[in-house]
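Colleague: Have a look at the structure that comes next, please.
The values are calculated or read from the model by the stated rules, or taken from the named source; none is laboratory data. For clarity, every value in this text was computed on a predicted model and none was experimentally measured. Reconstructed Cβ throughout: ideal geometry from the backbone, glycine too, with neighbour counts over all protein chains shown.
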Amino acid sequence: MSLPPGFLDELRSRLSLAQVVGRKVTWDARRSIPGKGDMWAPCPFHQEKTASFHVDDRKGFYYCFGCHAKGDAIRFVQETENLGFMEAIELLAGEAGLPMPERDPRAQETTDRRSRLIEVTEEAVRFFRLQLKTSAAGAARAYLSGTRGLSPEAIERWQLGFAPADWHGLWQHLTAKGIAPDLILAAGLARPSDKGREPYDIFRNRIMFPIRDARGRAIGFGGRAMDPADRAKYMNSPETEIFDKGNNLFNLGPAREATGRKGTPLVVAEGYMDAIALVEAGFGGAVANLGTAITPAQLQLLWRTHPEPVIALDGDEAGRRAAMRVIDTALPLVQAGQSLRFCLLPGGLDPDELIRSRGPDAMQTALDTAVSMIALLWERETEGKVLDSPERRAAFDKELRAVIRGIADPGIRAHYADEIGRLRAGLFGAAGGDRGDRPFRPWDAKGKGKGRGRDWGSKRSDRSAVPTAGTRASLLASSDDGAATVLREAVILVTLTQIPALLEEFGHALEEMSFVGAGHAALASALLRCDADATAERIESQIRDSLGPEVLERLLKGRHVSLAPSVRHPGDVDLARMCLTEEIAKLAAESGTRREIEEAVAGFAETPEEWIDHRLSLSARAREQVSRNHDGDRADFDIAENGARIDRDERSDLDALLSLIGLGTPKKT
């Protein structure tokens, strides 16, 4: 089968090589820089312990410095899946949502036609640029240089042009060049006349902005009307075989190159002139959507270029509505390290106006203060709402859960639930009455012990309130708020500080942990920045310099920490490895148990007790496996009505939770 070159280019542009390779390797967290698409891992093609396999996600190529394997996404799938060339393409095309070209002997003819359409569009670019220099374009030149402040060099750099008011100027120019009429029509440059006359130009009396694909090829135009009475101030080329405005961005190619430089943000503006003004002011990573709301395909293009683009919008009401539409589009698609920030400009100005009136520094300040998606989302969900009754607060919670449910990635969904729970607690606490202290984790959010033991909905605000009989023996009522978890974290951190050689082996587990103990997250972050080849003394010195001398001393004060085998024998690597493996497994099992309890409680009103018992029994098995000590001791278990074995601590936690939220306690045997 003959594939058009344009198809392979489109396939590669839609794929992330890091995602394709990531299914087969484990990335080295210390060497990889996801924001730059610079990823390292042990090579999947030969046995090695060090990360010599390099992926350049932006260029779409990989190379192993050990075995010298190299290629792109297609080659990688061929080698790892043992597939032929066409089989690999079909597999990747299916993942990218790109239909395979029909098995037609005329495929090459189709490719040639696309190339000819691009050539026709390039000829139109040259025509419009020449027209901008004529006397008929005097008002257009004055607008660009006077109103918009563009220099002659900038106008040339952006290849701006002018479409004369003549109805047939471009048509006659192109046909005189010998270009076939059907190609002019197919390129979206003219329309057939319904009066039996020759086709007429689509763009007339407009400043012309060439639109190019990521490879720099002219595929369409945007036109700005010079007549205030024109029904459309801005107009794009119609959809054609080479132009799809929902799958392209203005200035994407140069912006990709610019954002490859450290510290250059990817800024998304609403209009061509905004993007041009940003680039001319020094913000080289500026793009613009093409007259429509940002589409999912455009978001994927943005994330392929930068992990956290900044959406720059006018600060007026229309700009805020546009920001909310972007959030609704982006939430189902966000992933770890892949999000958006929003820059709502002051005074209702757009980027071009802000730069011309207040200078590039004002634009930089606005970008530096861009807000996260969740901050803007929370503002939308709370704006104008009066939450002065339990019914209104319940309706508010329902709306929040509906928003979070739309997030596809479970990890992101968990963190959004945590953050909304914190914001909700602050809102209700400020308003009085319902403090909102109950953790807002309706599905699979990982528990961090936030708000345990409190009476949700009561007027008590003192954490030291006397627990009820049902909660006295439960960890939920513990004053140390998960002391066992804190101590396990401390053992892990101290062990890795004393034996840095294990940082490479356990670094990924450290990255994925959600720390409860005060200062533990900061210490883990400091450890991940350390070199595994450094001595323990060197690492301790670095930690003391960055976090203060009291951090490690505070950890070692815990008796459980100082008596841990890995801490008492700091030179025994094998013992430390066993200790780390055990403590990490216990933390994971405890986290899973809490999650099962919270999910069971969230769905208790409509869930049979037998199903809850079954869920808890599954989690109890995991805890049983990691809770055995060297003497063969096990956790104590109850027997539920359906015969399921449930850890008594879990049953106590569940009873307390059900009591606290007023659902009652399931009957026990």
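Colleague: All but one of (1) surrounded by fewer than 20 Cβ atoms within 10 Å (Cβ to Cβ); (2) at pLDDT below 50 hold for ARG405; which doesn't?
Modeller: (2)
Colleague: Is it the case that region 20-35 has a residue that's of a type in the set (A, V, I, L, M), buried (at least 19 other Cβ atoms within 10 Å of the Cβ) and in contact with a Leu (Cβ under 6 Å, 6 or more places away or on another chain)?
Modeller: no
Colleague: Can you tell me which residues in region 126-161 are surrounded by 19 or more Cβ atoms within 10 Å (Cβ to Cβ) and under 24 Å from PRO181 (Cα atoms)?
Modeller: PHE127, PHE128, GLN131, GLY161
Colleague: How many residues does region 202-213 hold that are closer than 21 Å to GLN131 by Cβ and part of a loop (DSSP other than H, G, I, E, B)?
Modeller: Narrowing region 202-213 to residues closer than 21 Å to GLN131 by Cβ: 202-212.
Those left that are additionally part of a loop (DSSP other than H, G, I, E, B): 202-205.
Of the residues in that region, 4 qualify.
Colleague: Please tell me if ARG341 is modelled with pLDDT under 90, surrounded by fewer than 20 Cβ atoms within 10 Å (Cβ to Cβ) and out of contact with any helix residue (DSSP H, G or I) (no Cβ under 6 Å at 6 or more places or on another chain).
Modeller: Values: modelled with pLDDT under 90: no; surrounded by fewer than 20 Cβ atoms within 10 Å (Cβ to Cβ): yes; out of contact with any helix residue (DSSP H, G or I) (no Cβ under 6 Å at 6 or more places or on another chain): yes.
Here the answer is no, as ARG341 does not meet what is asked.
Colleague: Count, please, the residues in region 296-332 that happen to be in a helix (DSSP H, G or I), closer than 23 Å to ASP213 by Cα and under 11 Å from the mean Cα position of the chain (by Cα).
Modeller: Qualifying residue count for the region: 6.
Colleague: Separate question: Of all the strands (runs of 3 or more DSSP E) wholly in region 214-272, which have at least 1 residues that are in the same structural domain as ARG141 (by TED's automatic domain parsing)?
Modeller: It comes to 218-225, 234-236.
Colleague: Answer yes if at least one residue in region 186-197 is over 30 Å from ALA255 (Cβ atoms), in a helix (DSSP H, G or I) and not charged (D, E, K, R), and no otherwise.
Modeller: At the first step, the residues of region 186-197 found to be over 30 Å from ALA255 (Cβ atoms) are 190-197.
Checking which are in a helix (DSSP H, G or I) leaves us with none.
Checked against the condition, which is being over 30 Å from ALA255 (Cβ atoms), in a helix (DSSP H, G or I) and not charged (D, E, K, R), region 186-197 yields no hits at all.
Colleague: Take region 532-582 and flag every residue that is touching a residue at least 12 places away in the same chain (Cβ under 8 Å), assigned to a helix (DSSP H, G or I) and of a type in the set (Val, Ile, Thr).
Modeller: Answer for region 532-582, where residues must be touching a residue at least 12 places away in the same chain (Cβ under 8 Å), assigned to a helix (DSSP H, G or I) and of a type in the set (Val, Ile, Thr): ILE539, ILE543, VAL551, VAL561, VAL567, VAL573.
Colleague: Let me ask something else. With the requirement that a residue be crowded, with 17+ Cβ neighbours inside 10 Å and aliphatic (A, V, I, L, M), what does region 162-172 give you?
Modeller: Going residue by residue through region 162-172, those that are crowded, with 17+ Cβ neighbours inside 10 Å are 162-164, 168-171.
Hits for region 162-172 are ALA163, LEU170.
Colleague: Looking at ILE311, ILE355, ILE327 in this structure, which one is within 30 Å of ASP409 (Cβ to Cβ), buried (at least 22 other Cβ atoms within 10 Å of the Cβ) and touching a Leu at 6+ places or on another chain (Cβ under 8 Å)? Before you say what the answer is, go through the steps one by one.
Modeller: Values: ILE355 fails: within 30 Å of ASP409 (Cβ to Cβ); ILE327 fails: buried (at least 22 other Cβ atoms within 10 Å of the Cβ).
That would be ILE311, the only listed residue that is within 30 Å of ASP409 (Cβ to Cβ), buried (at least 22 other Cβ atoms within 10 Å of the Cβ) and touching a Leu at 6+ places or on another chain (Cβ under 8 Å).
Colleague: Out of the residues in region 173-212 meeting the condition of being under 17 Å from MET235 (Cα atoms) and of a type in the set (Gly, Ala, Ser), tell me which one is surrounded by the most Cβ atoms within 10 Å (Cβ to Cβ).
Modeller: Result: ALA187.
Colleague: Separate question: Just wondering, is there one or more residues in region 254-261 that are in contact (Cβ under 8 Å) with a residue 24 or more places away in the chain, in contact with a Lys or Arg (Cβ under 8 Å, 6 or more places away or on another chain) and crowded, with 23+ Cβ neighbours inside 10 Å?
Modeller: No, region 254-261 contains no residue that is in contact (Cβ under 8 Å) with a residue 24 or more places away in the chain, in contact with a Lys or Arg (Cβ under 8 Å, 6 or more places away or on another chain) and crowded, with 23+ Cβ neighbours inside 10 Å.
Colleague: Only residues that are crowded, with 21+ Cβ neighbours inside 10 Å and in a loop (DSSP other than H, G, I, E, B): list them for region 273-285, please.
Modeller: Answer for region 273-285, where residues must be crowded, with 21+ Cβ neighbours inside 10 Å and in a loop (DSSP other than H, G, I, E, B): PHE283, GLY285.
Colleague: Of all residues being hydroxyl-bearing (Ser, Thr, Tyr) and outside any loop (DSSP other than H, G, I, E, B) in region 356-373, which is farthest from THR264 (Cα to Cα)? Just the residue, please. It would help to see each step written out before you state the result.
Modeller: Step one: filter region 356-373 for residues hydroxyl-bearing (Ser, Thr, Tyr), giving 357, 365, 369, 372.
Now restrict to residues that are outside any loop (DSSP other than H, G, I, E, B): 357, 365, 372.
Details: SER357: 23, THR365: 14, SER372: 18 Å.
So, considering only residues that are hydroxyl-bearing (Ser, Thr, Tyr) and outside any loop (DSSP other than H, G, I, E, B), the one farthest from THR264 (Cα to Cα) is SER357.
Colleague: Does any residue of region 40-53 turn out to be of a type in the set (Lys, Arg) and touching a residue at least 12 places away in the same chain (Cβ under 8 Å)?
Modeller: Within region 40-53 (the criterion being of a type in the set (Lys, Arg) and touching a residue at least 12 places away in the same chain (Cβ under 8 Å)), the answer is no, since none of the residues qualifies.
Colleague: Report those helices (runs of 4 or more DSSP H) wholly inside region 132-180 carrying at least 3 residues which are under 42 Å from the mean Cα position of the chain (by Cα) and not aliphatic (A, V, I, L, M).
Modeller: So the answer is 152-157.
Colleague: Then there is this: Restricting to region 213-238, and then to whatever is out of contact with any strand residue (DSSP E or B) (no Cβ under 9 Å at 6 or more places or on another chain) and either in contact (Cβ under 8 Å) with a residue 24 or more places away in the chain or buried (at least 17 other Cβ atoms within 10 Å of the Cβ) (or both), can you tell me which residue is farthest from ILE118 (Cα to Cα)?
Modeller: Filtering region 213-238 for residues that are out of contact with any strand residue (DSSP E or B) (no Cβ under 9 Å at 6 or more places or on another chain) and either in contact (Cβ under 8 Å) with a residue 24 or more places away in the chain or buried (at least 17 other Cβ atoms within 10 Å of the Cβ) (or both), the one farthest from ILE118 (Cα to Cα) comes out as ALA214.
Colleague: Limited to region 374-417, what total is found for residues that are farther than 21 Å from ALA322 by Cβ, under 20 Å from the mean Cα position of the chain (by Cα), in a helix (DSSP H, G or I) and among the small types (Gly, Ala, Ser)?
Modeller: 4
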